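Have a look at the structure below before the remarks.
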Amino acid sequence: MANVPFSRKLWNSKKIPALGLGTNAGFLYDPELTEHAVAAAIDIGYRLFDCSPIYMNEKNIGKAIQAKIYEKVVKRKDLFIVTKFWITNHKSMNVSDSLTSSLKALKLDYVDLFLMTWPFSHSNDVDYTNVWIEMENCIHKKMTKSIGVCNFNLEQLTRLQQFATIKPAVIQVECHINLNQTELRDYCKRNEIILMGYTPFGDVHEATDGPYSEWRTSEQVTLDAPEMKAIAEKYKKTVYQVALRYLTQIGVVPIPKSCSLMHIESNIEIFDFQLTQEEILIIDRLDCNKRIHTANQYRAHDYYPFY
Ligand SMILES: NC(=O)c1ccc[n+]([C@@H]2O[C@H](COP(=O)([O-])OP(=O)(O)OC[C@H]3O[C@@H](n4cnc5c(N)ncnc54)[C@H](OP(=O)(O)O)[C@@H]3O)[C@@H](O)[C@H]2O)c1
């Protein structure tokens, strides 16, 4: 199996793989499962790993990465590691402390991308532009190669762009066949920002009464729509593979999460077929602005993004 190609370029000329592995296995899971998943994914050819201290498994991911570097399966420079800054930390502004702690857990000297997870802070009294200044400092301190944001709306991203000394390289948002982010994608294309798509399958198995339930709705993404099934049948692929292929063809870098070897293997097998323009348009029509991760409990906060 071929490695995921580093086929996309950030505005700062650094390259980024066309597909990554999400690592939020939920609080209910054993972090060792993610450790095995990351190690297997490196063997299989994944190079981008989307991490966060809030997923409580960066130590295990660090162990998997180190093991694969030690085994000479991969070199550090061939990996693209992402971590994030969490909302409870906005107030104390300890942005570089948070990154230092992630780097320690991941056993790395630098990450490739450092993201602000939400535009709002838990305490609702911090402007995200202040956090951004600290994130820019993390580039100056060589702790990260690039910086970006998650879950910003278009207005917030535009405001950040006008303010920033170092502009965002990536915006990570929910993106799937029912929420294809047309407007944001157009803006990103014009401004050389890569759109990384999280929850590409609608987070299919996460319990709606589990620890993340307040962050999400019980909605499902319509991967089994007849249009998806017909396209999957034509290419002898699964609807999951068609969903990922669609995202890569519309310019998105998807980061599906899986701890199953079978799924990790099948999710990477999307580079040997090409959807036609007509099929892209058919899937485009499944977009209905359906958002799974609504973070409803923060709706009243000043910088809540989804209105
Ligand atoms: N920045 C943010 O605010 C934010 C928010 C949410 C997510 N994320 C990131 O995005 C990543 C992905 O999103 P997500 O975890 O919410 O949801 P997702 O990737 O849409 O869905 C994950 C679920 O799909 C299953 N799955 C994966 N491949 C499959 C396949 N081929 N066939 C059938 N089922 C399959 C997984 O189960 P198995 O493990 O059994 O395969 C898992 O239950 C996260 O892990 C995280 O890294 C970021």
In the chain, what % of DSSP beta bridges are antiparallel (nearest 5)? 15
Under 5 Å between amide hydrogens, which residues at least 5 positions from Lys237 or on another chain qualify, with H placed 1.01 Å from N in the peptide plane? none
Projected onto the charge dipole of region 257-300 (+1 at Lys/Arg Cβ, -1 at Asp/Glu Cβ, origin at the Cα centre), which of Ile292, Gln274, Ser260 gives the Cα projection farthest towards the positive end? Ile292
Along region 111-120, what does the Karplus equation 6.51 cos²θ - 1.76 cosθ + 1.60 (θ = phi - 60°) give for ³J(HN,Hα), rounded to whole Hz, x for Gly and Pro? 10, 7, 8, 10, 10, 7, 6, 9, x, 8
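Can you divide the C-alpha Rg of region 49-112 by 2.2 N^0.38 Å and report the result to two decimal places?
On the way: Rg = 12.3 Å, N = 64, 2.2 N^0.38 = 10.7 Å.
Here the Cα radius of gyration is 1.15 times the empirical estimate.
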If you project the alpha carbons of the chain onto their three principal axes, what span does each projection cover, largest first, in Å? 53, 48, 41
Principal axis dimensions, region 18-164 - Cα atoms, whole angstrom, descending: 45, 33, 27
Taking amide H positions as placed 1.01 Å from N in the peptide plane, with prolines and chain starts having none, which residues 5 or more places from Val111, or on another chain, fall under 5 Å of its amide H? Thr144, Lys145
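With only Lys, Arg, Asp and Glu charged, each at its Cβ (+1 for the first two, -1 for the last two), find how big the charge dipole of the chain is about the Cα centre; round to the nearest 20 debye.
Values: 35 positive and 36 negative charges, 223 e Å.
Computed charge dipole of the chain: roughly 1080 debye.
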Two-decimal Rg/Rh of region 78-162 from alpha-carbon positions, Kirkwood Rh? 0.96
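Determine the dipole magnitude for region 1-100: charges of +1 sit on the beta-carbon of Lys and Arg, -1 on that of Asp and Glu, nothing else is charged, the reference point is the Cα centre, and the result goes in debye to the nearest 20. Walk me through the numbers before you get to the answer.
Values: 14 positive and 9 negative charges, 122 e Å.
Value, rounded to 20: 580 debye.
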Kirkwood hydrodynamic radius of region 1-68, Cα pairs, Å: 12.7
Dipole of region 20-142, positive direction: furthest Cα of Ile42, Gly26, Met135, with charges on the beta-carbon: Ile42
A correct Stokes-Einstein calculation for region 175-271, using the alpha-carbon Kirkwood radius, 37 °C and 0.692 mPa s, returns a whole-number D in µm² s⁻¹ of 227
Given an 8 Å cut-off on Cα distances and at least 6 residues of separation, report the relative contact order of region 185-307 as a percent. 34
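Each value in this text was obtained by applying a stated rule to the coordinates, not by laboratory testing. Quick caveat: nothing in here was measured; it's all calculated off a predicted structure. Cβ: placed from backbone, ideal geometry, glycine included. Neighbour counts: every protein chain shown.
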